[in-house]
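First up is the structure itself, then whatever we jot down about it.
Readers should treat all values here as calculations from the given coordinates under stated rules, not as data from a laboratory. Because the structure is predicted, anything quoted here is derived from the model rather than measured. We place every Cβ from the backbone using ideal geometry, glycine too, and count neighbours over all the protein chains shown.
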Amino acid sequence: MVERAANLTKAGFFHGFSASLPGGEAPRRGASADFALGRDPGSLASDYAALGAAVGFDAARLYQVKQVHGTKTHLAEGDPREVVACEGDAVVARSDGAVAGVRVADCVPVLVACPSLGAAAAIHAGWRGVVRGVVPAALELLAGRGLVAAIGPSIGACCFEVSIEVGEEIASAVDDEAVIVARYGEGKAKVDLRRAVRAQLRGLGLADDAIEDVGGCSVCGRDRYHSYRRDGDESGRMLAVIVARGG
């Protein structure tokens, strides 16, 4: 199953967030619709093809990177098999039909489109990436106006517990203290990472109504989403993709 954002669809961009597995199968590593790069190449290619058919893209033009919770952004150009070995956490696609993709299993997948240019970006935004500025870095390379964005399935404030120090670091990075939704006497905090990403997008000029939330909490959604925090090393990966449509 693929979850989509109404605003990106209205803007004319093929896109999707991979979600529940066929037959209601619980997400796990090795199951269908697991896009972890360490899987058997043949079965992984089969899942890419299936997602491509569902979303509307050529799997041979899917660009991903070696995600490291940093800010490096790559263009979707050249050989995708070489780009996927490059460290980074965002991909910007400009050529018609080029596909930007990121893998997640609790971190926030962000898809951004520029209708005037036909360009698009896929961003992997964990808390470290948010603090380090991966969203601003990706949008700087996208370099468009009138952007629309979708924030996909990811860990919710209900389940994202961190130290108070980390919570305050996130809040400071996005200039929004309200991302800390609860504090505990033992030095823990609950943080709304989606709100943090939204705050960062708004700080970059996106209107609040140009940002859409898609899907639910990856940890709570056991029968729908992969979650590293819930399943540890047994967790698979979801894939968020968006296709450039040219100018």
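At a glance:
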item: Signed unit charges on C-beta, dipole axis of the chain, positive-most listed residue Val135, Ala54, Ala196; result: Ala54
item: Approximate spin-label separation Asp96-Asp223, in nm, with each point projected 7 Å along Cα-to-Cβ; result: 4.3 nm
item: Zone residues, segment 230-247, relative to Glu77, backbone N less than 16 Å from point 7 Å out along Cα-to-Cβ; result: 244-247
item: Most mobile of Ser172, Ser235, Ser154 in a GNM of the chain (Cα contacts under 10 Å); result: Ser172
item: Stretch in the chain that is longest and holds no trypsin sites (Lys or Arg not before Pro) that DSSP places in a loop and that have at most 14 other beta carbons within 10 Å; result: 29-144
item: 5 angstrom amide H check on Ala125, placed H, neighbours 5+ away; result: Val108, Val110
item: Cβ charges +1 (Lys, Arg) and -1 (Asp, Glu), total dipole of segment 42-157, debye; result: 240 debye
item: Span from the segment 188-247 Cα centroid across to the segment 109-141 one, whole angstrom; result: 12 Å
item: Positive minus negative residues near Val134 (Lys, Arg vs Asp, Glu; Cβ under 11 Å); result: +1
item: Where only C-alpha atoms are counted, convex hull volume of segment 88-247 per residue in Å³; result: 105 Å³
item: Potential lengthening between Asp213 and Glu140 on full extension [0.36 nm per residue; Cα-Cα distance subtracted]; result: 24.1 nm
item: Value of relative contact order over segment 80-123, rounded to a whole percent, pairs C-alpha under 8 Å and six or more apart; result: 41 percent
item: The chain: most fluctuating residue of Gly133, Gly185, Gly167 per GNM, C-alpha cutoff 10 Å; result: Gly185
item: Largest-first principal axis extents of the Cα set of segment 152-229 (Å); result: 37, 33, 16
item: Spatially proximal aspartates and glutamates relative to Lys10 (Cα-Cα < 19 Å; intrachain offsets below 8 disregarded); result: Asp96, Asp208, Asp209, Glu212, Asp213
